[in-house]
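Notes for the one structure printed next.
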């Protein structure tokens, strides 16, 4: 085979809808790397909620949108199949911004080799964007202390699972908010969370009160939705709220309102919105913080894999509907 | 005269309503200070929006409520008329938590002498709660930088006037939000703000855009209200929001919703709620920061005075209706 497929963004999402109308599949000849370049065959591509924002025409965000006609942006893991680059040899496995394509030529910038024993799945599920995001958000902004209570929304998601397990390992009481009973079971029985709330169930306020006898010190927000107000009302003085994602609202033309700010004064609460691209320069320190937890077996994960580039759109939709069971990965 | 009046809280506010039904006036004999005590005759009492919170039965706030049967809480300036305290002599003017009463006996704790040349009015309007609050909120949390744009709501109020003038002196572009054209004129023409918006006027979004060509870096929130969302939408990346007051919502049984949190992520915004009681220990440093601005004539102020304890309720209501012209003070 001398050709490969890539998916190019040709439309902006209408009403937040993700579908095949957004992309055009291109078939091209596999390029040869020039001097100083390498050819990467992507094997595992990450699907992330942020992608909806990257496709949209919002130039005020933390990262410019993907331009129409460009290959859709993504991170992924690939294998070096040809190298004219001094730092890479054929067979190296690398993690970086690969895009929605089977092959790519790169000058190596932004690509890091996987350490021996690190699989593509753990690279994408833990050491990739989810783990970097969870670690940065939790420690830099959440400032967790042993004995405190943390609540994380999207708790069965790629970032939420790691946030909860890190906090649990640090001796916090950890409650997760999820969208199904299956996910609730999983985070409690498999990941060791102290409790879970299915936001589709009844009496959210009552469940929250029962599960947080000492109220809430850290609120790690990945989703938005109606439980947000209840959590803010349940915070302790000097609580920290880390706003990492609002997936419940990304597809909405009129995002739902947030909590009134009076409790922020009464409780002297800090809210910090953040996005990983501000923190690329800190990756060595972030990995130094995260790696020991992984080595000690404290971070479990699961990947939800779909096969082939032509299933990427379907996989992305599963993220927004909450049908996924674990971090969404496209196996190529 | 050997008796004095005090006002004791006897009811909690119903539906946020402030009225005579809340208080009972007591007439008592003026006490004598014991060894180590002083007798203070209050001359100027401060009225502040926070008082509504202090009267309410909300034990989750930053300061416990005033108990029923207790003298209502306030700060104020008084003159020492009798002293058995080594650090105070008759004639000293002092600033501290005086309460709604004409006389009080104190052990001196929490009372500071006014520096020579400092009037009771400037003490209450600038060096008292408003100035401490403005300085702490602006510098500790707003982190203003020369050339940035700051917007402050309640801009003609006791805190807002000082926030705006400090920021202006530091070389920021300063826009104030007020509730009348008279106040708009005053903050622009007398205090030197770069612009003002009357929130009761038309096309707030258009006015905001026109007045903030470089968007907004610091948002100092004293009021709440519908312009809050417009300001958040107009923030720059890494903007700082200081939540100091929400006077528009204090009297509401169902506070209005706040902004959706998506912009907090896109712009990596920090929101910090704060209240002065957390910062009592920092007062020397806060005054060291504030005093040079005052000495250089950069902080103008105006007091709105009502006379007599029996007008305190009326004065407090003027604060909430926005009828006041300057910091509300009761002259005793």
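The values are calculated or read from the model by the stated rules, or taken from the named source; none is laboratory data. Quick caveat: nothing in here was measured; it's all calculated off a predicted structure. Neighbour counts are summed over all protein chains in view; Cβ atoms, including those assigned to glycine, are modelled from backbone coordinates with ideal geometry.
Scanning segment A:228-253 for residues that are more than 15 Å from residue A:150 (Cα to Cα) and either more than 8 Å from every other protein chain (Cβ to nearest Cβ) or at pLDDT 95 or above (or both) yields a total of 6. Looking across segment B:240-261 at every residue that is touching a residue at least 60 places away in the same chain (Cβ under 8 Å) and not in a loop (DSSP other than H, G, I, E, B), the one that is surrounded by the most Cβ atoms within 10 Å (Cβ to Cβ) is identified as B:242. One residue stands out in segment A:254-266 among those that are within 7 Å of chain B (Cβ to nearest Cβ) and touching a strand residue (DSSP E or B) at 6+ places or on another chain (Cβ under 8 Å): the one that is farthest from residue A:13 (Cα to Cα), namely A:266.
Within segment B:66-111, the residues that satisfy the criterion of being surrounded by fewer than 19 Cβ atoms within 10 Å (Cβ to Cβ), part of a strand (DSSP E or B) and touching a residue at least 60 places away in the same chain (Cβ under 8 Å) are B:71, B:105. Residue-level check: of (1) closer than 17 Å to residue A:105 by Cβ; (2) within 22 Å of the chain's Cα centre (by Cα), residue A:50 misses just (1). Just one of the listed residues (B:322, B:297) is outside the structural domain of residue B:44 (by TED's automatic domain parsing), modelled with pLDDT under 95 and closer than 26 Å to residue B:136 by Cβ, and it is B:297.
Evaluated against (1) under 24 Å from residue A:320 (Cα atoms); (2) outside any helix (DSSP H, G or I), residue A:145 falls short on exactly one condition, (1).
Return the residues of segment B:192-222 that are within 14 Å of chain A (Cβ to nearest Cβ) and under 21 Å from residue B:300 (Cβ atoms); say none if nothing qualifies. Result: B:220, B:222.
Among the residues of segment B:113-133, those that are touching a residue at least 40 places away in the same chain (Cβ under 8 Å) and within 19 Å of residue B:280 (Cα to Cα) comprise B:123, B:124, B:125, B:126, B:127, B:128, B:129, B:130, B:131, B:132, B:133.
The rows are residues; the columns are (1) more than 14 Å from chain A (Cβ to nearest Cβ); (2) in a helix (DSSP H, G or I); (3) surrounded by fewer than 20 Cβ atoms within 10 Å (Cβ to Cβ); (4) at pLDDT below 95.
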position: B:121; (1), (2), (3), (4): yes, yes, yes, yes
position: B:134; (1), (2), (3), (4): yes, yes, no, no
position: B:140; (1), (2), (3), (4): no, yes, yes, no
position: B:155; (1), (2), (3), (4): yes, no, no, no
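Applying the set (1) within 14 Å of chain A (Cβ to nearest Cβ); (2) part of a helix (DSSP H, G or I); (3) more than 21 Å from residue B:164 (Cβ to Cβ) to residue B:279 leaves exactly one unmet item: (3). With respect to the conditions (1) more than 14 Å from chain B (Cβ to nearest Cβ); (2) surrounded by fewer than 19 Cβ atoms within 10 Å (Cβ to Cβ), residue A:60 lacks only one, and its number is (1). Here A:166, A:264 are screened, and the one residue that is assigned to a helix (DSSP H, G or I), buried (at least 19 other Cβ atoms within 10 Å of the Cβ) and in contact (Cβ under 8 Å) with a residue 60 or more places away in the chain is A:166. Inspect segment A:290-299 for any residue being within 14 Å of chain B (Cβ to nearest Cβ), in a helix (DSSP H, G or I), under 25 Å from residue A:223 (Cβ atoms) and under 17 Å from the mean Cα position of the chain (by Cα) and give the result as yes or no. Among the residues of segment A:290-299, not one is within 14 Å of chain B (Cβ to nearest Cβ), in a helix (DSSP H, G or I), under 25 Å from residue A:223 (Cβ atoms) and under 17 Å from the mean Cα position of the chain (by Cα), which makes the answer no.
Within segment A:223-239, the set of residues being surrounded by fewer than 22 Cβ atoms within 10 Å (Cβ to Cβ) and touching a strand residue (DSSP E or B) at 6+ places or on another chain (Cβ under 7 Å) comprises A:227, A:234, A:236. For segment A:214-222, the criterion of being surrounded by fewer than 22 Cβ atoms within 10 Å (Cβ to Cβ) and either closer than 25 Å to residue B:221 by Cα or at pLDDT 95 or above (or both) is met by at least one residue.
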